[in-house]
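The values are calculated or read from the model by the stated rules, or taken from the named source; none is laboratory data. The structure displayed is predicted, hence computed values, not measured ones. Counting neighbours? That spans all protein chains shown, and the Cβs are built from the backbone with ideal geometry, glycine included.
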DNA sequence: GGCCTACATATAGCGTCTCTACCTATGAGC
DNA sequence: GCTCATAGGTAGAGACGCTATATGTAGGCC
């Protein structure tokens, strides 16, 4: 899959992954790999900056915790993040509807 | 709709719009507005460079024609463009499948 | 003990792509 | 003649994800 295709949809993926649970960055990457069957293999250099962006935007908050002597920054959604996720889902549905309409069923254009 | 969301899918839209017919740039914009019900309103500064990119890539070719004294550069798909369109459609299907899987049915994660 | 790998977070620089904002040119209508 | 709609085009900017790299700990292996 083209990496660029994610552009503009990464936030939605991260928010959705954090929906109803809290994870640290590394775990988010693994979770996305799982649910996508390996199709999504986001590099850390993509995820960590994105999470900080989301935190700056107030969509997630993070807590430091030490597990097994290893520091982890655990993220979870805020109220605003929940709303944002909702909005992202709507936007995604609208987006796919529009693009599907253009790409069509592989059909030519009915010159109505 | 967020404009950036198109990123990486613009080529697919343009190729699909040219599938089975030839249009000039301005007409492509209008065609996309029509099929999307107004949701897609691409600025010329987006479309013209994209078409040139597609032409450089060999996916479309253009002919100058003069209609009513006005010059028009009419684009149409090449064989490679047809193949590219096919590939774009497949990529789109795969892409939506993956993202849909992550965004889920609005469902929480089954803590299995 | 020393070394390497896996885990975990983070930053810098790069390249690409779309958008905004402009510019040019013609024909038609006023 | 002037303005508007049509039509094509370019320049510059900004955003964003990727690649590459750096840091530090825990645990296994030799």
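Within the range B:66-82, identify whether any single residue is at pLDDT 90 or above, away from DNA strand C (no atom under 11 Å from the Cβ), outside any strand (DSSP E or B) and within 13 Å of chain A (Cβ to nearest Cβ), and answer yes or no. The answer is yes; a qualifying residue exists.
When we screen B:18, B:85, B:54, B:103 for residues that are within 24 Å of residue A:96 (Cα to Cα), free of Cβ contacts under 8 Å to residues at least 40 places away in the same chain and either within 16 Å of DNA strand C (Cβ to nearest atom) or buried (at least 17 other Cβ atoms within 10 Å of the Cβ) (or both), the only hit is B:103. Within the range B:66-82, being exposed (fewer than 15 other Cβ atoms within 10 Å of the Cβ) and more than 9 Å from DNA strand D (Cβ to nearest atom) holds for B:66, B:69, B:79, B:80. Can we say residue B:91 is facing chain A (nearest Cβ under 7 Å) and outside any helix (DSSP H, G or I)? No.
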